[in-house]
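Working notes, structure below.
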Amino acid sequence: MYARWRMRIFFSMFFGYIIFYICRKNISVALPAIQQALGYDTVELGLLGSSLYFSYAAGKFINGIIADNTNAKRILPTALFISALVNILFVLCAHFIAPDKISIFGLPPISILLWLLAFFWGINGWFQSMGFPPIAKNLSYWFANKERGVKWSLWSSSHEIGTYLSVVLSGYLIAHYGWESVFYVPAFFAIIFCYFFYKNLQDKPSSLGLPDIETYKDPDYVEPVEKKTAEDGLTYGQIFKKYIIKNPTVWLLALAYIFVYVVRYGTIDWLVMYQVDMKHYSIAEAAKRLSFLPLVGVLGTIGAGFVSDKFFKAKRAPVNIICLSLLAFCIYMFWVNQNPIMDYVYISAIGVFTCGPQVLIGGLSAVESSSKKVASAVTGFCGMFGYIGAILSGVGTGYIIKVWSWNSAIKFWIISAIIALIICVILLRKELKK
């Protein structure tokens, strides 16, 4: 029974999060087409992307606390269904408030439409933020510490597969059916998947009368006395305060996550437009190259957990340092490269070396530096900071492009990778002192 439910839960979370992503990252490929159709500049386009990140940042933390005390079987299908509806409303408002048809209270209709689009995409961000925290909780309760690095990394590859499918699907839909279809089609798939989600998810093993995962994986397991003593008798609020608010390691991880996400969403959201503007590819050609970032990035996601488990004795900081060093180098090489074939290589490498720190810093490292009883909250806490970085990447990159240049935007990403690298060096020193 344990083995069967572990497999059902893992695969439902894996495929479910892919669907979450195609209802979120579809806008990345749609931005150039929206610009052509509606005439917005890069700062206004950055506002659209950042509206999701702003609500996602707040929602991930709050929903993380809720997820620790809520059944994943109910919260995940609900969040995905509402996200699908918002994708549909996002497009419909562009039909009801067309730039050349209506003015409201004397305001320019194009401005009204922009803020309405940003509002709906922000609502999408809130319900998207309900996806990861309950999944982090389930991964912590259904998989033991000695296997969690590999299992977490395998599940996290859903991020990259979801991004890849979103980019490929969106590029095809724009080329054949227009930018509106980029939001309608993912919404359709999401609504269908909600039933599958509900049928195959469960909460903690105890909800099915099963023992803790440590007991299942190791019948002779005895919880360490010091850990048991440290948490026994504490309320959820006290555990939250001790293992998150007063935990300096968690704060360092959260700070590093800001800069990882500047690079992660800077590249995902803006590389299509960068290639169109600076390398003179078509949108379809640029989307094809960008699709290699998440596709090959899966290797970084899976490899980070495996390498840290097998070669660094579950220490995550060394892998983060290696990845972030190579990430800064690969962004620079993509920037100066003039060979169209090598663009594929450097974009793929950016994917690999972004995805490794992304899965470790705000996910696995955060949980292992805290307590399983606040697994959703601690990943939500770090995720909130990550999406502060995404906001900086959205509006910040758009502003830098408009005021300075694309070259300055690339430098912004490289510097962000270096800052995250420095923080991870500090974390490694803390690990070595233990």
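The values are calculated or read from the model by the stated rules, or taken from the named source; none is laboratory data. Just so it is clear, the structure is predicted and the values come from calculations on it, not from any experiment. Glycine also receives a Cβ, built like all others from the backbone with ideal geometry; neighbour counts cover every protein chain displayed. Accessible surface areas use protein heavy atoms only, side chains included; no ligands, DNA or RNA. Shrake-Rupley method; radii C 1.70, N 1.55, O 1.52, S 1.80 Å.
Structure data summary
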item	result
Close pairs (7 angstrom Cβ cut-off, 6 or more residues apart or separate chains): free of Cβ contacts under 8 Å to residues at least 40 places away in the same chain and under 26 Å from residue 265 (Cβ atoms) in the stretch 1-28, open to solvent by less than 10 Å² (accessible area, probe 1.4 Å) and not acidic (Asp, Glu) anywhere	none
Verdict on residue 253 being open to solvent by less than 20 Å² (accessible area, probe 1.4 Å), touching a helix residue (DSSP H, G or I) at 6+ places or on another chain (Cβ under 7 Å) and more than 23 Å from residue 163 (Cα to Cα)	yes
Residue list for the stretch 124-143, filter: open to solvent by less than 10 Å² (accessible area, probe 1.4 Å) and of a type in the set (Phe, Trp, Tyr)	142, 143
Neighbours by Cβ (under 8 Å, 6+ apart or cross-chain): first from the stretch 285-298, without any contact (Cβ under 8 Å) to a residue 60 or more places away in the chain; second outside any helix (DSSP H, G or I) and aromatic (Phe, Trp, Tyr)	289/281
Residues being open to solvent by 10 Å² or more (accessible area, probe 1.4 Å) and either free of Cβ contacts under 8 Å to residues at least 12 places away in the same chain or closer than 28 Å to residue 241 by Cβ (or both) - total across the stretch 73-83	2
The stretch 48-72 - residue that is in a helix (DSSP H, G or I) and hydroxyl-bearing (Ser, Thr, Tyr) and, of those, surrounded by the fewest Cβ atoms within 10 Å (Cβ to Cβ)	55
Residues being within 22 Å of residue 393 (Cα to Cα) and outside any helix (DSSP H, G or I) - total across the stretch 1-45	6
Residue satisfying condition, being at pLDDT below 85, open to solvent by less than 10 Å² (accessible area, probe 1.4 Å), farther than 16 Å from residue 287 by Cβ and out of contact with any strand residue (DSSP E or B) (no Cβ under 6 Å at 6 or more places or on another chain), within set 152, 115, 121	152
